[in-house]
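So the structure is just underneath, and the comments pick up after that.
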Amino acid sequence: MNMSKIDQNWRADFPIFAAHPDLAYLDQAATGQYPQTVIDAMNAYMTTANAPVHRGLYKLAYDATNQFEAVRTQVAAFLGAAHAGEIVFTSGTTAAINLVAQSFGPLVVDAGDEIIVSVAEHHSNFLPWRRLAGVRGAHLLIAPVHADGAIDEEWVLAHISRRTRVVALAQETNVSGACLKQARAIADAVHQVGGYFLLDGAQGIAHNNVNVQQLGVDFYAFSGHKIYGPSGIGCLYARAELLLEMPPVTLGGGMISEVGVHNVSWAPAPERFEAGSQNTLGVVGLGAALRYLQPRRQAMTVHCAALTQQTRAALAVIPGLTLYAHPEAAATLSFNLAGVHPHDLATFLDEQGVAVRAGHHCAQPLMTSLGVPAMLRASLGAYTTAVDCERLVTGVQDAAAFFQVAAR
Ligand SMILES: Cc1ncc(COP(=O)(O)O)c(C=O)c1O
């Protein structure tokens with residue numbers, strides 16, 4: 001493959017590649033690697049600043065609390081939220097969506113109502129809604145995808161009706177990498193009928209400038225570990241007036257105003273949704289990850305998209321290879337090789353130092369609709385180089401020869 005050299009300046013920021021100089025890590029969509037600045041911020045917190053947040057009555061604890069709350073303010077600015085009180089720290093996207101479905105869902109979804117998702121949703125944005133629909137006697141409407149892997153947004157718009165209570169969609173899907181193009185139109189349409197719109201930003205936030213107010217979303221969820229931060233931390237953005245109404249789902253320390261033997265009053269949002277000792281180290285790491293990503297996001301996306309386009313073209317001509325990635329995907333290359341199980345292909349590539357994901361990608365409804373049990377996904381990050389992509393393509397070509405794939 002003759003891939004033109006694409007400038008990249010970020011690989012040196014990631015110390016994992018000093019430890020594994022020959023690793024082509026192509027699994028950013030599953031979990032990203034850490035830049036040194038994030039490691040340094042977390043290390044500094046552990047070695048100089050650690051204390052219980054919102055609990056201690058001493059200087060170290062006040063300072064830790066201030067650092068924790070400063071990241072909430074930072075996230076609010078990063079997402080274009082009206083204020084920090086609209087940001088709830090969670091363990092990730094999964095926890096954020098479950099919180100909305102379990103707390104807000106029963107307030108607005110009744111028997112006969114409709115919830116719209118798509119067949120391309122990650123299980124995290126599918127199962128909570130399916131359960132809610134089941135518990136409330138509501139209907140789950142499932143939007144199809146186009147042949148190119150994009151969610152059929154016209155279908156979504158056409159199915160929004162007076163019965164629609166919630167529309168929950170991926171801003172960027174984790175299998176095809178297709179991005180929603182009509183988020184604002186969907187938000188307006190669902191609001192017109194008195195419903196609510198949740199965007200799953202787990203993948204989209206890495207590649208899109210997000211402004212929740214301009215998008216018109218009611219809820220937005222994302223995870224730290226897919227944007228060069230730590231795992232176990234993420235955020236839910238929710239419009240303040242909705243958070244006000246939502247009951248807590250997890251009960252415990254730090255989320256009450258007052259507890260008696262027979263009575264309790266909840267703390268205001270967002271504390272009401274942050275029961276138990278919080279992942280302060282994760283929050284600090286998230287803050288550092290946002291500082292790393294925000295000024296570079298656009299350039300990193302351009303870098304990933306250029307490499308993705310070239311790699312896609314090189315993969316597409318391998319006999320027996322079927323691409324499932326969207327043609328405009330910024331960083332996602334999902335595919336199968338005829339006659340080769342994706343797990344075997346992933347193992348073959350691993351032996352060449354190429355790390356990719358193989359499986360159903362927590363999107364089994366989509367796999368079923370495509371008629372495949374699994375597929376392979378290479379996903380790119382800021383640290384990905386042309387050499388990584390060349391090694392992927394060479395590895396797949398070698399695998400095709402090794403497994404003697406029949407031409408299409
Ligand atoms: C589109 C999408 N939604 C939700 C999730 C769940 O994210 P997390 O595991 O960080 O909670 C993922 C993870 O891969 C994802 O890609």
Determine the pairs where a residue that is closer than 14 Å to Val356 by Cα, located within the range 17-40, has a partner that is among the polar types (S, T, N, Q) and more than 16 Å from the ligand (Cβ to nearest atom) with Cβ atoms under 7 Å apart, the partner being 6 or more residues away or on another chain.
Leu26/Thr384
With respect to the numbered conditions (1) within 14 Å of the ligand (Cβ to nearest atom); (2) outside any strand (DSSP E or B); (3) buried (at least 24 other Cβ atoms within 10 Å of the Cβ), which one is the sole condition not fulfilled by Ala168?
(2)
Among helices (runs of 4 or more DSSP H) lying entirely in the range 66-162, which contain 1 or more residues that are farther than 24 Å from Ala189 by Cα and among the β-branched types (Val, Ile, Thr)?
93-99, 127-136
Check His159, His123 and return the single one that is open to solvent by 10 Å² or more (accessible area, probe 1.4 Å) and either modelled with pLDDT under 95 or under 17 Å from the mean Cα position of the chain (by Cα) (or both).
His123
Please work out which residue is most open to solvent (accessible area, probe 1.4 Å), limiting yourself to the range 369-408 and to residues that are under 30 Å from Ile142 (Cα atoms) and of a type in the set (A, V, I, L, M).
Leu370
Do you know which of the residues in the range 179-203 that are of a type in the set (Gly, Ala, Ser) and either buried (at least 23 other Cβ atoms within 10 Å of the Cβ) or away from the ligand (no atom under 16 Å from the Cβ) (or both) is farthest from the chain's Cα centre (by Cα)?
Gly194
Residues that are open to solvent by less than 20 Å² (accessible area, probe 1.4 Å) and under 23 Å from the mean Cα position of the chain (by Cα): does the range 315-325 have at least one?
yes
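The values are calculated or read from the model by the stated rules, or taken from the named source; none is laboratory data. All of these numbers come straight from a predicted model, not from anything done at the bench. When we count neighbours, we look across all protein chains shown, and the Cβ atoms used for this are built from the backbone with ideal geometry, even at glycine. For the accessible areas, the whole protein counts, side chains as well, though only heavy atoms, and no ligand, DNA or RNA atoms are used. Shrake-Rupley method; radii C 1.70, N 1.55, O 1.52, S 1.80 Å.
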